[in-house]
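Worksheet: one structure, shown below.
The values are calculated or read from the model by the stated rules, or taken from the named source; none is laboratory data. Everything quoted here is computed from the prediction, not taken from an experiment. Here the Cβ positions follow ideal geometry from the backbone for every residue, glycine too, while neighbour counts run over all protein chains shown.
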């Protein structure tokens, strides 16, 4: 049974948006915590809040939701994560 989002993307805090971008870039919790000089537990809490607010269960689901709803653009993702664009013509 899929989770239902409890809030709109506008309900994300500025820090949650920053965490979302870092997750889309493929950064680990430890890498994010080290970069921002905060605890890994704090980053984990932000990610948990993102799961709840966006109604997803996994990091992959989080990134897919963020991409499909325009919360992050494909340019934030590492090049090797991007799918090739197929020419429809």
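How about segment 15-52: which of its residues are loosely packed, with under 13 Cβ neighbours inside 10 Å and not in a helix (DSSP H, G or I)? Across segment 15-52, the qualifying residues are 37, 39.
Filter segment 73-89 down to residues that are surrounded by 11 or more Cβ atoms within 10 Å (Cβ to Cβ) and outside any helix (DSSP H, G or I) and give me whichever is modelled with the lowest pLDDT.
Out of the qualifying residues, it is 77.
A count restricted to segment 53-72 and to residues that are closer than 17 Å to residue 26 by Cβ and either crowded, with 17+ Cβ neighbours inside 10 Å or in contact (Cβ under 8 Å) with a residue 40 or more places away in the chain (or both) stands at 8.
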